[in-house]
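Below: the structure, in structure tokens.
Values in this text are rule-based calculations from the coordinates and carry no lab data. Because the structure is a prediction, the values reported are computed rather than measured. Positions of Cβ are generated from backbone atoms using ideal geometry, with glycine treated the same way; all protein chains shown enter the neighbour counts.
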Amino acid sequence: MKHWTPQQVAEAAGARLIAVPAGGDGPDRITIDSREVGTGALFVGLPGTSVHGGAFAVAARTAGAWGVLTTPQFAEAVDPGAGAVLSAEDPLAALQRLARAWRRELGATVIGVTGSTGKTSTKDLLLALLAGERATVASRANFNTEIGVPLSILSAPTGTEILVLEMAMRGLGQIAELAAVAEPDVGVIVSVGPVHLELLGSVEAIAAAKAELIAALPAGGTAVIPAGEPLLEPHRRPGLRTVTFGAGGDVRFEREDGARVVIDAAGERIELEVPFMQAHLRTDLLAAVAAARAAGVTPRGRVGLVLTAGRGESVAVAGGVTVIDGCYNANPMSMRAALTDLAVTARRTGATRRVAVLGDMLELGPGAASYHRELGGLAAAAGVDVLVTVGPLAAQIAERFEGETRSYRDAAQAAAAVGGLVARGDLVLVKGSLGVGLRRVCDALGVGSPA
């Protein structure tokens, strides 16, 4: 964006240009965090839960920001000096308009990825499949919201050919809002399941919310959906190319031979070498292959997957213990997949014991207790030797588990105790909703520290 003039930036954002910087160039990056401000940065002051980001606009200019964009109240208090000052009644809407304009300037193929589970790993897989073939930028960490998506777009440099954007959903209309900013060419719905039931009320409503991505695709665009998913059938659209993945789908496995897999992609044979055995990641791989082909790339060879932290990566820690780090989030579908992975990995590695540290699954509505109790049977079927529950909802998992159980009221209590529960040779799964804070348990086990 550096080649844009300040007037172009203001026009794209729908903002009023109060002061023009010296030099006439545009910003080279956008940030909403005043601590990240430096030369060349446009600081966007957004309203927050406890303080308005615009309150830091003066400090941002003092720190050498290229300019600031915030509400008139804060913008007009900034001494422009040699920097730009932009004013907008709704700075978030201005940020989104700016991102949409930059997306159009790039002319990149945009792949939007959503799903009840698997959207982050599918995004990570797409980056692995595409990066060696095209100049690709993908959402980082949890930049998948009405703020994160525009920031992800704005982080893409000139010359970006493919943008892979993860899109999160907690209610009706949210995917539509993100898609209006990103204008995706390819839409991937990885899965539909019981997530955010407290807000949406039914799995059918969840499917409708996810399907806003299909509705947003342009004529001639490509929708990638799970094969045999009846909840998405009402949302198919004429004028789109719909590609299904999974057993019986357009993109499916022809053969799986350990790390080497052969995929039948609508009659095209694709051979890949993958560094993972988890069944759910292999399903996500099919979705990623379908999306990559829709973007004009046919993957080949080794897939160098790097998973986003907290999404199921196996980490060897001190003391001969291996941790499956799934602490970022959880729902009934992802918990089932994680327990299956625990069992498969334990058999493959010869783990001495299988330990499952499972936290509350949040926002499941009236059926929350039933979903948690069901996990007890799944943990038993997965051969879990020691079950550790964290939180009041997770405590109900133990009702259908007959093995050794420890229950803790919160993550702090569990983190203080877990080190004394594990021993050399153990394989430990840590998984729960983000609000439970199981990162503390992973930290206590040494995830992120040298083994």
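With the cut-off at under 18 Å, measuring from each backbone N in region 420-448 to a point 7 Å along the Cα-to-Cβ line of Arg406 picks out 420-432, 437-447. Each other residue within a Cβ distance under 10 Å of Arg29 adds +1 if Lys or Arg and -1 if Asp or Glu, for a net charge of -1.
In this simple spin-label approximation, Lys2 and Phe253 carry label points 7 Å from Cα along the Cα→Cβ vector, and these lie 4.6 nm apart. Between the beta carbons of Ala417 and Ala22, assuming R0 = 56 Å, the FRET efficiency works out to 0.40 to the nearest 0.05. Would you kindly calculate the translational diffusion coefficient of the chain, applying Stokes-Einstein with the Kirkwood radius from alpha carbon pairs, for 4 °C and a viscosity of 1.567 mPa s, and quote it in µm² s⁻¹ without decimals? Calculated translational D: 55 µm²/s.
Using label points projected 7 Å from each Cα along Cα→Cβ, tell me how many nm separate Arg237 and Arg104, to one decimal. Simple spin-label model gives 1.8 nm for this pair. A straight chain from Ala309 to Arg373 at 0.36 nm per residue would run longer than the Cα-Cα distance by 20.3 nm. Computed from label points 7 Å out along Cα-Cβ, the spacing between Glu133 and Ala227 is 2.0 nm.
For region 6-91, the Kirkwood estimate of the hydrodynamic radius, built from every pair of different alpha carbons, is 12.1 Å.
Rg of the Cα atoms in region 1-159, relative to 2.2 N^0.38 Å, amounts to 1.07.
Here Ser87, Ser202 are placed in order of increasing Cβ neighbour count within 10 Å, fewest first, which gives Ser202, Ser87. Database remark: amide H of Ile32 closer than 5 angstrom to the amide H of Val44 (H placed geometrically; neighbours at sequence offset of 5 or more, or on other chains; Pro and chain starts carry no H).
Normalised by the number of residues in region 20-68, the mean separation of alpha-carbon contacts (under 8 Å, six or more apart) gives a relative contact order of 37 percent. Legend: residue pairs Lys2/Lys123; Lys210/Lys431; Lys119/Lys210, Cα-Cα distance threshold 22 Å; pairs beyond threshold, Lys2/Lys123; Lys210/Lys431. Using the Cβ-Cβ distance between Asp33 and Arg170 with R0 set to 25 Å, the FRET efficiency works out to roughly 0.65. Net length available on complete extension from Glu273 to Glu146 is 42.2 nm, with 0.36 nm assigned per residue and the Cα-Cα distance removed.
For the pair Asp79 and Glu198, the difference between a 0.36 nm per residue extended length and the Cα-Cα distance amounts to 38.2 nm.
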